[in-house]
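See below for the structure under consideration.
All of the numbers you see were taken from the coordinates with simple rules; none came from a lab. All of these numbers come straight from a predicted model, not from anything done at the bench. Here the Cβ positions follow ideal geometry from the backbone for every residue, glycine too, while neighbour counts run over all protein chains shown.
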Amino acid sequence: MSKFKKKKSGELPAVNTASLPDIVFMLLFFFMVATVMRENTLKIENRLPVANQIEKLDKKNPISYIYAGKPSKNYEMFGTEARIQLNDNFAEVSDIVAFINSERVALREELIPFLTVALKVDKDANMGIVGDIKQELRKANALKINYTTGKGDAAQNMQ
Amino acid sequence: MAKRSAPEVNAGSMADIAFLLLIFFLVTTTIEKDSGINRKLPPIQPPDQEPVILKQKNIFTVLLNGKDQLLVEDELMELKDLRKAAIEFLDNGGDGSCTFCKGKKNIHSSDNPDKAIISLKNERETSYAAYISVQNELVGAYNDLRNRRALELGSTAKWSQFRDMNFVEMQDNHKDVRFTGNKTKLKELIDQIKIEIPLKLSEVQ
């Protein structure tokens, strides 16, 4: 009998799985830290300028975003000039009025006057496109705007 | 003796440690909020309306040209000097009706902060970064004056509960749900300062 018992002791021990949860949690943490919540997929470069006289954008009021900047690497076929992006696609200046109106339709009526348009414009863009956007917003009567910026010393922008 | 194997490490508390970390990050994470410079655009003028006539001395023209050079009242200026110049203009109090102004009372500069208008012009080639820097300095000038006024008012008996609170802090506190003071009174004070020193910054194209 003792012969058989000896054989058993030579088998491989089971792999210890106690550290599996740790590996899973590590992954969880990695994604938690690396996740940026973003509503739109950007097709343009969007490095915001910085400023220090800033106010927080109130999430209580409805916000619409208008992006502008030059097309990013994957979309170079759209040119190197700054372009406007609304929702997930490139748009023309003339589309802005329709965009604002469609944003308004989605809102409750009492919130419509509080609609703020956040302009997320790349710092290398020039004012021509921003001026065009502002003019269209005036036509759409969306007068509350916010130049979205990062936080920092404004003198850095000029370098 | 030959059968001795390594003792097993007790892994029962591993899950606790992982949860501890999870809870730590849950509590400390803040979802980034956008912030920026708030502005109000002027409504489109009906074509038959007569334009309002303003005195030249009440307008402070800032021009940012296509090469990002700053021209203030027809003179070349560095960005760092802009805020001081704007404060000097707003704080001038030429007609003596402004009780809190500490300016030079120069009759060739603005009458009072209510009448003073800063006009910011840009060209199509101006870079957005430069434009934001200039906007930032001009808003900064207004904020500096409003802060000064807020501290002045805070030292009076009527507003003594808001002592040593400047205008920017007042606005932050008004938005903050955790603020324990009297919010209606705070709003009243903020509005009073806004009426005394209105932000009249026009963006011309």
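Taking the alpha carbon gyration tensor of the protein assembly as shown, multiplying each eigenvalue by 5 and rooting it gives semi-axes of 55, 28, 20 Å, largest first. For the peptides A:12-24, B:128-140, A:55-67, the ranking by packing is B:128-140, A:55-67, A:12-24, with the highest mean count of neighbouring Cβ atoms within 10 Å listed first. Note on chain A: GNM, Cα springs under 10 Å; of A:30, A:114, A:99, the largest mean-square fluctuation is that of A:30. Taking every residue in B:51-61 and counting other chain Cβ atoms within 10 Å of its Cβ, the average works out to 0. The residue among A:128, A:100, A:50 whose Cα reaches farthest toward the positive pole of the charge dipole of the stretch A:50-152, with charges on the beta-carbon of Lys, Arg, Asp and Glu, is A:50. Given the C-alpha centroids of the stretch B:96-170 and the stretch B:175-197, what is the distance between them in whole angstrom? So the separation of the two Cα centres works out to 17 Å.
Using helices alone, what [θ] at 222 nm do you get for the protein assembly as shown, with -39,500 (n - 2.57) per DSSP H run of 4 or more residues, divided over all residues and rounded to the nearest 500? It would help to have the intermediate numbers written out before the result.
On the way: 9 runs with 123 residues, N = 364.
Calculated at 222 nm, the ellipticity per residue is -11000 deg cm²/dmol.
Among beta bridges from DSSP that stay inside the stretch A:50-152, the antiparallel ones total about 35%.
Its residues counted as N, chain B yields a C-alpha radius of gyration over 2.2 N^0.38 Å of 1.60.
A Gaussian network model of chain A, with springs between Cα atoms under 10 Å, assigns the largest mean-square fluctuation among A:78, A:90, A:25 to A:25. Diagonalising the gyration tensor over the Cα atoms of the stretch A:50-152 and scaling each eigenvalue by 5 before taking the square root yields semi-axes of 23, 18, 12 Å, largest first.
Here residue B:168 and residue B:14 are evaluated by their C-beta separation; at R0 = 41 Å the FRET efficiency comes out at 0.30.
Under 10 Å, Cα contacts only: if you run a Gaussian network model on chain B, which one of B:193, B:107, B:37 comes out with the highest mean-square fluctuation? For chain B, modelled as a Gaussian network with Cα springs under 10 Å, the answer is B:37. Expressed to the nearest 5 percent, the antiparallel share of DSSP beta bridges inside chain B is 40 percent. For the pair residue B:100 and residue A:28, what calculated FRET efficiency results from E = 1/(1 + (r/R0)^6), where r is the Cβ-Cβ distance and R0 = 56 Å, to the nearest 0.05? It comes out at approximately 0.50.
With the largest listed first and rounded to whole Å, the semi-axes of the equivalent ellipsoid of the stretch A:100-159 from the Cα gyration tensor are 27, 14, 8.
Among beta bridges identified by DSSP and lying wholly in the protein assembly as shown, the antiparallel ones come to about 50 percent. Remark: relative contact order (the stretch A:92-159) = 44 percent; criterion is Cα-Cα distance under 8 angstrom and separation of 6 or more residues. Restricting the stretch A:64-159 to GluC sites (Glu not before Pro) that sit in a DSSP loop and have at most 13 other Cβ atoms within 10 Å of their own Cβ leaves A:81, A:92. Peptide A:119-125 has a mean of 4 when you count, residue by residue, the C-beta atoms of other protein chains within 10 Å of its C-beta. Inter-label distance, residue B:24 to residue B:76: 5.6 nm, where each label sits 7 Å from its Cα along the C-beta direction. Working from Cα pairs under 8 Å separated by at least six residues, relative contact order for chain B is 19 percent. Contact order, relative form, for the stretch A:50-152: 38 percent (alpha carbon pairs under 8 Å, 6 or more residues apart, mean separation divided by residue count).
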